[in-house]
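Undergrad: Take a look at the following structure, please.
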Amino acid sequence: ANLYEEVRRLALTDPLTGIFNRTFFQAELVRLERSRLFPVSIIVVDLDNMKLTNDTLGHTVGDELLRITARALQDIFRSDEIIARIGGDEFAVLLPRIDEVKVNELVMRINEKMRSHNAGHPELPIQLSVGAATSKENNLIAAFTIADQQMYVEKSRHKNIQIKPTEFGISSVGETQ
């Protein structure tokens, strides 16, 4: 029984960050679609500049940024809210019974958490692009699509901002030339 539970846990979690994986996220999306827990909000988060980080500082540093981001999200959200790594540098959060006002507050908390991290760790700054949407009734796929699109709009705004490597690690976030 213990081995079964361990295999089940491993199948539903991301081994790098310890949070849920895309498989679990998609199953929860379907489950919530049929629930009475509306409104349901979705936040999509993308860790910017991962390719640059991996190419210039190595995958070990990139992996650490992913772990830091996952821990930051866990600090912000309650244990009954589903936080998942749904792609290489992309995370999503399912928020049952959270409306537009509350989800906007949560997005602000994510941004504040990253500002706080960056102030305390200028050698390893994190830049996130965040999108959010709320479904009032049984249309979570559409809400996910909207949140994802909003994240990409924010990501396009960040295109002129990159994390620049220095001889000692990573400099602070700055404009590219």
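The values are calculated or read from the model by the stated rules, or taken from the named source; none is laboratory data. What you see is a predicted model; the values in this text were computed from it and never measured. Cβ atoms come from the backbone with ideal geometry, glycine included; neighbour counts cover every protein chain shown. Areas reflect the complete protein model, heavy atoms only, side chains present, ligands, DNA and RNA absent. Shrake-Rupley method; radii C 1.70, N 1.55, O 1.52, S 1.80 Å.
Undergrad: If you go through the stretch 136-145 one residue at a time, how many are surrounded by fewer than 20 Cβ atoms within 10 Å (Cβ to Cβ) and over 17 Å from the mean Cα position of the chain (by Cα)?
TA: Within the stretch 136-145, residues that are surrounded by fewer than 20 Cβ atoms within 10 Å (Cβ to Cβ) and over 17 Å from the mean Cα position of the chain (by Cα) number 6.
Undergrad: Within the stretch 103-115, can you find the residues that are of a type in the set (D, E, K, R) and farther than 11 Å from Ile43 by Cβ?
TA: If the condition is that a residue be of a type in the set (D, E, K, R) and farther than 11 Å from Ile43 by Cβ, then Glu105, Glu112, Lys113, Arg115 are the ones that fit.
Undergrad: Can you name the number of the only condition in (1) assigned to a helix (DSSP H, G or I); (2) in contact with a Lys or Arg (Cβ under 8 Å, 6 or more places away or on another chain); (3) open to solvent by less than 30 Å² (accessible area, probe 1.4 Å) that Thr69 fails?
TA: Result: Thr69 fails condition (2) only.
Undergrad: For the stretch 1-58, give me every one of the helices (runs of 4 or more DSSP H) that falls completely inside it and has 2 or more residues that are under 22 Å from Leu140 (Cα atoms) and among the β-branched types (Val, Ile, Thr).
TA: 22-33
Undergrad: Right, next: Conditions first: (1) modelled with pLDDT of 95 or more; (2) closer than 21 Å to Val153 by Cα; (3) more than 13 Å from the chain's Cα centre (by Cα); (4) surrounded by 14 or more Cβ atoms within 10 Å (Cβ to Cβ). Pro39 passes all but one, so which condition is the exception?
TA: (2)
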